[in-house]
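Asker: Right, I'll just put the structure down here and ask away after.
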Amino acid sequence: MSTAILTGTPVPGSPLEGDLRSLGFDVRTAPDAATALSLLAAVPAADRVALVDQRFVGHLHALRLALTDPRFPAAAVDGALTAQPGARAALSVALTTVTNGTATGRTDRAADAPAVRTGGAGVVTEAGQPLTHTAPATAELPLADRVAAAVEADGTPVQRPELGSLVAAVPDTPADREQALAAVAAVDDEAVRLRSAVKARDGFFTTFCISPYSRYIARWCARRGLTPNQVTTASLFTALIAAGCAATGTRGGYVAAGLLLIFSFVLDCTDGQLARYSLQYSTMGAWLDATFDRAKEYAYYAGLAIGAARGGDDVWALALAAMVLQSVRHVVDFSFNEANHDATAAPAASAGGKEGKAVVGTPTTALSSRLDSVGWTVWVRRMIVLPIGERWAMIAVLTALTTPRIVFYALLAGCAFAACYTTAGRVLRSVTRRAVRTGRATRALADLADTGPLAELVARVMRRPARALPGVLPLLIAVAGGAAAVCMAAFGPLGSPVLVLGALVYVVTSGIAVAHRMGGPLDWLIPPVFRAAEYGIVLIFAARADVPGALPAAFGLVAAVAYHHYDTVYRIRGGAGAPPRGLVRSLGGHEGRTLLVAVLAAFSPAEFDLPPALTLLTVVVAVIALTESIRFWVSSGAPAVHDEGETA
C-alpha cells in the first residue's frame, strides 16, 4: 500500500486528497515537518511514500507521472515528492535534515524581484505563457521541494517527468491559485494522457495507421483492469493463430493469417501504450515485450514454410534465411548503439584537444540532421529501413495476395537493402568520428560477442600479440575466419573431416578478434560477424544435407540460439549486464556451437542422422537458455525496459 503525507496549509475544497486516493494512496496529514517525519517512520519500509503540499494545484496525470511510475526510485514535481523502498533511506535522511533546519530552502530575492515560474514544467496560461508571480522576499519553498533538493544533494537521483502542457504548481496567493486553476481547466488532462501513451518516434505505418486508434484500445483495456502483460500475451496468441492459419496452405488460411498478423501488431502497439497510459511497468512485462515480438515473427515464418510445403513448395531455406538476416540486423543495431551512446571525443577531435567531451556529430550525422529538417524525408528514411510496422504490413498483405515464396523473396530483398543502408551509414559515422569508447561499451561488445571456452582459451594464449593489432585488423580477422568457415561449409565434402577444419579456423580467429579491448572504431561489427557466421553455417549445412527435416531442425536451432542472443541484448540494455558466464560456457559460445555443428555434418554415419542431431541440440540450447532467462526476468533485480511515449 502506498502512503501520501499531506503537508502545509490545508485548502478548503481542494480535490487533492481524492486525487491521491484514486491513485492508490492512503492519505495522512502532517501539519509540520516533525509530524511528517513521525508519519514517515510509521510507514512500512517496503511501501512507497509521497510528500505532497496541500496547496498543490495540477492535473491528476501530473501527479500520476510523478508519484506512481515504478521505474524510478525517487521522482518529483513542484509540491510533490515520492520515494520507493530503494530511496526510502535517502528520503528519511533528507526529511530529518530539513526538519532540523539545516536546509531552509528560503529565497533571498528582493520584494521587487522579477516574476518567476511557480509551477513545474508545463504550467501555462491559456495564452501559452508560463504561469508566473512575484514571490515575497521570505517565501519558503514547499516541504516536498526542500526535501527533494536535500535528497538530490545527498546523491540520490530524483526523476522529474516532462509535463509538457500539464500543470503542477504550489500557488502562494489566492490570485495565483485562481490562475493555476484556470490553467488546469484550459488543458484536457485525458487528451494529454492519451497522446503521451504513444511513442514519440515510430514508423510511418504505426504512426498513421495504428496509433490513431490503438491508443483508445489501450484506454479501453485500462478501464477494464487489463494489464499490459495480458495484452502482450493476447498479441502472442493472435500471432500464433495467424501462423497456424498460414500453415494450412490454403488461400483462405493465408488471408486469415494476414488479417490476424495485423491485429496482432495492433495489440503489440496497444500493450506498450497501455503501459505508458497507466504506468504499469514491470520486470515480467519487460521480458515479455523484449522477446515476444521475435517469437511472433519467427513463428509466422515457420507457419508460412509449413503452408508452402503443404502446397508442394519447400521454402524452409528462405524462411531460415529471413530469420538469419533479421536477427543479424538486430545485432547490428544493438551493437552499434551500445558502442556509441556514451562515447566521448578523442583528444585531437575535441575542443582544445581535451578528452572527455561527448561526441556531437560527424559529416554523416550533419547530413542526417539536414534531411530531417525536410518533413517528408523523415518518413521516407524511417520506412526504407523496414521497421516492424512496415515489415509486418508487407508480410500480411503479400501473404493474403500471393504465395509464401514471394513473401520471403520480398522480405529478403527489403531487409537486405535496409541492412546495407543502415550499416553503411553507421560505418561512415564510425570511421569519420574520432571517439573514445567507455569501459562499459567495450564490456558490452565483449558480452554481445558470446565467446565460449574455446575462443576464451585462444584469447588468453594470444592476448599479448592481439593487443598490438592495429585499427580494423581484429575485425578483418573475424571476417576472414567466418568466411573460411562458411566457404568450407558451402563447398567442402559432406561427411568428410575436412569440414571441421573451417570451424577450427573460426575458433582460432574468433579468439584473436576478442583478445584485445574492443574499442576500435569498427569493433562493434565483430558481434554481428559472429552471428552471421554461426547462423549461416547452420543454414548451409542443413540445406546441403537435402534430407527431410534438416532445414526445419536448423530453423529451430537458430531460433533457440537467437533467443539467447536477444536475451543478452535486453539484459545489457536494462543495465543488468550480460548473462552469467556459466550460462555462456554451458551453451558452448558461438564458436563451440559452430564447431559442434561442423562435427555433426562431418561425422554423422548417414545424412539422415543430421536432423535428429540438430533437434537434440535445439532442445538442449532452448532448455538451458530459457531456464536461466525465466529465472532472471522474474527475479526482483531484473530491470524494467520500456520505450517512452511522447512528451506530454
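The numbers here are math on the coordinates, done by the rules we state, and not lab data. This one's a predicted model, so the numbers in the text were calculated from it and none came from an experiment. Every residue, glycine among them, receives a Cβ derived from its backbone with ideal geometry; neighbour counts consider all protein chains shown.
Asker: Going by how many other Cβ atoms sit within 10 Å of their own, how do Met1, Met383 line up, fewest first?
Answerer: So the residues, fewest neighbours to most, are Met1, Met383.
Asker: Between the alpha-carbon centers of the stretch 549-626 and the stretch 423-449, tell me the distance in whole angstrom.
Answerer: 26
Asker: In sequence order, what are the phi-derived ³J(HN,Hα) couplings for the stretch 182-191 according to the Karplus relation 6.51 cos²θ - 1.76 cosθ + 1.60 with θ = phi - 60°, rounded to whole Hz, with x for glycine and proline?
Answerer: Ordered by residue, 3J(HN,Hα) equals 5, 5, 4, 5, 7, 10, 7, 4, 5, 5 Hz.
Asker: Taking 0.36 nm per intervening residue step and subtracting the Cα-Cα distance, what contour gain separates Asp47 from Arg581 on full extension?
Answerer: 188.8 nm
Asker: What list do you get for Val332, Val98, Val461 if you sort them by fewest beta carbons within 10 Å?
Answerer: Ranked by crowding around the Cβ, least crowded first: Val461, Val332, Val98.
Asker: Using Cα pairs closer than 8 Å and at least 6 residues apart in sequence, work out the relative contact order for the stretch 438-638, in percent.
Answerer: 31
Asker: I'd like the antiparallel share, as a percent to the nearest 5, of DSSP beta bridges with both residues in the chain.
Answerer: 60
Asker: So what are the ³J(HN,Hα) numbers for the stretch 505-522, from phi and the Karplus equation (6.51, -1.76, 1.60; θ = phi - 60°), rounded to whole Hz, Gly and Pro as x?
Answerer: 4, 4, 4, 5, 5, 5, x, 5, 5, 9, 6, 9, 6, 7, x, x, x, 10
Asker: Right, something else. Calculate for the chain the 222 nm mean residue ellipticity that helices alone would give, adding -39,500 (n - 2.57) per DSSP H run of length 4 or more and normalising by residue count, nearest 500 deg cm²/dmol.
Answerer: After summing the helix terms and dividing by the residues of the chain, the value is -20000 deg cm²/dmol.
Asker: What residues have an amide H closer than 5 Å to that of Thr438, excluding those fewer than 5 places away on the same chain, when H is modeled at 1.01 Å from N in the peptide plane?
Answerer: The list, which skips near neighbours in sequence, is Thr344.
Asker: What whole-number distance in Å separates the alpha-carbon centres of the stretch 477-505 and the stretch 1-80?
Answerer: 65
Asker: Test of understanding: ordering Tyr301, Tyr570, Tyr506 by Cβ neighbours within 10 Å, fewest first, what list do you get?
Answerer: Lowest count first: Tyr570, Tyr301, Tyr506.
Asker: Separate question: From the backbone phi of the stretch 66-81, what are the Karplus-calculated ³J(HN,Hα) couplings (6.51 cos²θ - 1.76 cosθ + 1.60, θ = phi - 60°) in whole Hz, Gly and Pro given as x?
Answerer: 7, 10, 10, 5, x, 7, 10, x, 9, 8, 7, 10, 4, x, 8, 9
Asker: Hey, can you grab everything whose amide H is under 5 Å from the amide H of Ser2? Only 5+ residues off in sequence or another chain; H modelled, so Pro and N-termini drop out.
Answerer: Asp26
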